Amino acid sequence: MKIGVFVCYCGENIGRTVDCAAVAKELSAYPGVAHAEAYKYMCSDPGQNLIKQAIKEKNLDAVVVGSCSPHMHEKTFRKACASAGVNPYMVEIANLREHCSWIHDDIPSATAKAIDLVRIAVEKVKYNEPLQTIQVPVTKRALVIGGGIAGIQSALDIANAGFPVVLVEKEPSIGGHMSQLSETFPTLDCSQCILTPRMVEVYQHSNITLLTYSEVEKVEGFIGNFKVTVRKKARSVKDEVCTGCGLCVQNCPIKKKAQSEFDESLTTRPAIYVPFPQAVPNIPVIDRSVCTYYKTGKCQMCKKVCGREAIDFEQQDTFLTFDIGAIIAATGYKLYKIDKKPEGHIYKGYGEYGYGELKDVIDGLQFERIASASGPTSGEILRPSDKKEPKKVVFVQCVGSRDESKGFSYCSKICCMYTAKHAMLYKHKVHDGEAYVFYMDIRSNGKGYDEFVRRAIEEDGVKYIRGRVSKIYEENGKYIVKGEDTIAGVRMEIDADMVVLATAMIPQPENSKVAQLLGIPYDKHGFMQEVHPKLRPVETSTGGIFLAGACHSPRDIPESVAMASAAAAKAMVLFGSDILEREPVVAKVEASTCAGCFYCQKVCAYSAIERKEIRDRQGNLIKVVAYVNAGLCQGCGTCNATCPSKSVELIGFRDEQIFAEIQSLSGF
Amino acid sequence: MPDLIEIAKGLLESKEVSFIIGYTKDRFGRVKPYIAKSVEDANNLMFDHHSIHNLAVYLTRLKIPENGRVGIVAKSCDIKAIIALIQENQIKREQVYIIGMNCSGVVTHSTDEWKKENIQIKCKYCADKAPMLYDAVAGTAEPFEQPDDTQEVLMQKLETMSSAERWDFWAKEFEKCIKCYACRQVCPMCYCEQCLAEKNQPQWITTSPTPAGNFSWNIIKAFHMAGRCVGCHECERACPMGIPLTLLTRKMGMVAGKEFNYRHGMAIDQPTLVGSYNFNDNEDFIK
């Protein structure tokens, strides 16, 4: 084997502490090395040409480049070698920058270490073998989990590009939290007015399969080739015959037992219900936990009034499976319910604010419903307890956010803006009312955002107080808000008629479960994790799975929509080709020595290990062995380390290669 | 209590099992493993204080057909190995008919006389324990004089040693190793078709009995037993050089018990220690 060694100065980066010429000279005499040279910038065009030229002139079989981390330029050098006729996997990188020059300052010892690093790589490359990329077919169909504005946007983008989409929503209607909002900052346009056309578009789109009241049950397979099972929960209403006339809902005798999810418990709803008038699809669902029929076996009022015989009390959950190429998680958020300390939770909550006990201490989404024209008060600002117009309202920001001692370390990002909006909407509707906002900082960085907050303060006269609230309690029919104005340096007490708490955004409780189903990481708060915060913000560490909206971190509507379109674009990149090329660095099982203990299967984080039966010609079972699905394998090597008989090898990092490296270093 | 021979005859007659792995006495009166293939063979089966061998080792050595079933005579320590083999996918529960023996202790070597000094230490911790997984039970357990746990004394001594002293201790012990691999052959949990020791590309373990090779073999073998050893002590019995191998495996078992509250071979549906992850695992040792 003829090996070429190319040592890069990386300008001053390596050259300052490593005598690169000495490294090249030392290696030129090393067994197997046919060519060695050093150059200022190996990654530059002239540098790459040096490699190509040497390959042609000296007929090299393999190349070792002493340069920066393989994360930076391994691909560059592989491509250069491939263009000169050397298999790209016959290239090894010795990391002389991050592993040597950047961390040492003594030139002779750094040079000696650099020689060792290159020598190790030369020993490894002697055992390298030419590899081909793995090609897998791509199923051009996307799954979007979550039918909020992010999921809707992703689904529409992909569907409009001509690819089929399956949109799964766990609630009876799509729309998510955006459908509950009154008006949206910073333009104050009606939330439902801009959202519902999108919802209808989803419903009518020929490329979108909409599955509401459904949950993803199982995800198998790998990028381009997922197999997804969806549980369609029993609605107790046949969606194929229901016309959405609403007779059943009107006639249901259970009116008061169930809290309306859509109105954030400010109103009640019947046992059979449509979440809100513009729901998509407009098909009711029976809440079996409150329905009289499911409790006593009597009633059936809805069935009696239904002219289409759409009510089916015996309906069961059904399971649908889909072949999917890319998955977008858009599971969204919920508000931190601060009244109760969640079971087994590390967060302490804010009992001193009286949420859940004091009737007129509400959270942001409840205020949205009160301010909404479709809400329980038809948009009039009336407090929940006695339906009177509150003349003094206190808004408290950062309840749970930016408070590691009692809530979460992160900023919920949207509260500064929606609190300004709330205060503004209140002032627009109650002209003689007073609005106070307790804040820590105003974070209004977005197009037109700061102007919006200034407008609330300067034009609408909302009083902003910089400081925290220590306690809220009831006294003589008023809610006493005790706080501090840290700018004036005085303690404050406001006797309010209503208090609105801007509570933290937290991921949906099912977020971590969905992440586990998908095999993607999530952070300690339950938000799903991107693979790189700057350069790959919508991709996850599992290929073919992307993130959109607030399941990833707190974000507002414009950001969610932008992220959703980005995720859709990533899915469409995948759908742009029929074949997917993957790195051939995957594990391989030697079936002849595999003992079938399947420890590898148990430790595999990617479910890439399968069981394969080995039978003789007569069909008798000889043994069951492990088998690596190369499409799923990410080449982490855990199976390789676990296998007691060393029957698993990681291609590109085979035991022989690693042994050669260690041996060359230890001299054994 | 039904007699072992009666049970075996019934099984072989009805062809419920294709053969029974058990014990017999050879012409010198020594107890040895025996495979009874017919009703007549069943008459040769026996069980006593000298039935020391862990016969579970044969379950993976003799290839059992996919839908086949074999019988096995097993003490409660051997049953743990059978459970472990089921846990590790080596056999299926329905492939074995376990004749659990009510055991009242066994001697260390097959020619040992039945007296206190010769009783295996493992029996001290298993005294009067009935078989925990079986299809039939035979024999009667009688109380016996408990042996002294001399190993525990040695373990405590090793704990107090410095690492240099411990190195010297094991260097001296491993020096005796002749790489006969009897410890591996007799171990029911060593079922790999090709052992690591036989792998030569790359050569993980030097084959000749040099200090380096002896260390790597014995340490690798011990590590492969971490969280897997069922404590039958067959390796130490089989070792012709008298290396105290169970000192290592017993210590590993104690660590698995202390750190992860795990014992191998206790329930067929229990996830294995290496093959499972528990959020509540005590991770103090990594910090």
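Quick notes
- Cα gyration tensor shape for region A:336-506, rounded if a/c is under 1.5, else prolate or oblate: rounded
- Residue-averaged beta-carbon neighbours from other chains (10 angstrom radius) around B:265-278: 2
- Per-peptide packing, taken as the mean over residues of other Cβ atoms within 10 Å, places A:297-306, A:266-275 in the sequence A:266-275, A:297-306 from highest down.
- Helix B:245-260 axis, angle to chain B major axis (alpha carbon atoms, nearest 10°): 80
- Listed residue (A:I149, A:S470, B:C123) projecting farthest to the positive dipole end of the protein assembly as shown, Cβ model: A:I149
- Cβ-placed point charges (K, R +1; D, E -1), dipole of region B:4-138 about Cα centre in debye, nearest 20: 300
- Across chain B, the volume of the C-alpha convex hull divided among the residues equals 156 Å³ per residue.
- Taking a Cβ cut-off of under 14 Å around A:E215, the surrounding Lys, Arg, Asp and Glu residues balance to a net charge of +2, with basic ones at +1 and acidic ones at -1.
- Whole-Å distance, taken between Cα centres, linking region A:117-181 and region A:507-546: 12
- Karplus (6.51, -1.76, 1.60) ³J(HN,Hα), θ = phi - 60°, over region A:179-190, in Hz, Gly and Pro reported as x: 5, 8, 6, 7, 10, 10, 7, x, 10, 6, 8, 5
- Distant-in-sequence amide H partners of A:Y464 (H built 1.01 Å from N, under 5 Å): A:V437
- Taken over region A:587-651, the alpha-carbon convex hull comes to 79 cubic angstrom per residue.
- The H on the amide N of A:I614, modeled in the peptide plane, is under 5 Å from the matching H of A:I622, A:K623, A:V624, A:V625, each at least 5 residues off or on a different chain.
- Between 0 and 90 degrees, the angle of helix B:150-160 with respect to the longest Cα principal axis of chain B falls at about 20 degrees.
- Karplus 3J(HN,Hα) series, Hz, for region A:610-615 with 6.51 cos²θ - 1.76 cosθ + 1.60 (x for Gly, Pro): 10, 9, 10, 8, 10, 10
- Think of each Lys and Arg Cβ as +1 and each Asp and Glu Cβ as -1; about the Cα centre, that makes the dipole of the protein assembly as shown roughly 980 debye.
- Note, ³J(HN,Hα) from phi for region B:263-277, Karplus 6.51, -1.76, 1.60, rounded to Hz, x at Gly and Pro: 10, 7, x, 9, 8, 5, 9, 7, x, 6, 5, 5, x, 9, 10
- With the convex hull constructed from alpha-carbon coordinates only, region B:111-153 shows a mean projected area of 4.1 nm² over all directions.
- Antiparallel bridge percentage (DSSP; both residues within the protein assembly as shown; nearest 5): 50
- Percent of Cα pairs exceeding the 22 Å cut-off, where the set is region B:150-260: 31
- Counting other Cβ atoms within 10 Å as a rough exposure proxy, the listed residues A:L211, A:L365, A:L188 run A:L188, A:L365, A:L211 from fewest neighbours to most.
- Under a 5 Å amide H cut-off, with hydrogens placed 1.01 Å from N, B:Y97 pairs with B:V70, B:G71, B:I72 among residues at least 5 apart or on other chains.
- Placing +1 on the Cβ of every Lys and Arg and -1 on the Cβ of every Asp and Glu, with nothing else charged, gives region A:234-316 a dipole about its Cα centre of roughly 420 debye.
- Residue exposure sequence - A:R617, A:R369, A:R654 - by fewest surrounding Cβ within 10 Å: A:R617, A:R654, A:R369
- Neighbour-count order for A:C416, B:C192, fewest beta carbons within 10 angstrom listed first: B:C192, A:C416
- Taking each of A:K232/A:K602; B:K75/B:K115; B:K157/B:K258; B:K75/B:K172 in turn, the alpha-carbon distance tops 22 angstrom for A:K232/A:K602; B:K75/B:K172.
- Spherically averaged projected area of chain A from its Cα convex hull (nm²): 39.6
- Residue mean of other protein chain beta carbons inside 10 Å, B:189-196: 6
- Cα gyration tensor shape for region A:12-51, rounded if a/c is under 1.5, else prolate or oblate: oblate
All of the numbers you see were taken from the coordinates with simple rules; none came from a lab. No experiment lies behind these values; they were computed from the predicted model shown. Don't worry about glycine lacking a Cβ; one is built from the backbone with ideal geometry, like all the others, and counts go over all protein chains shown.
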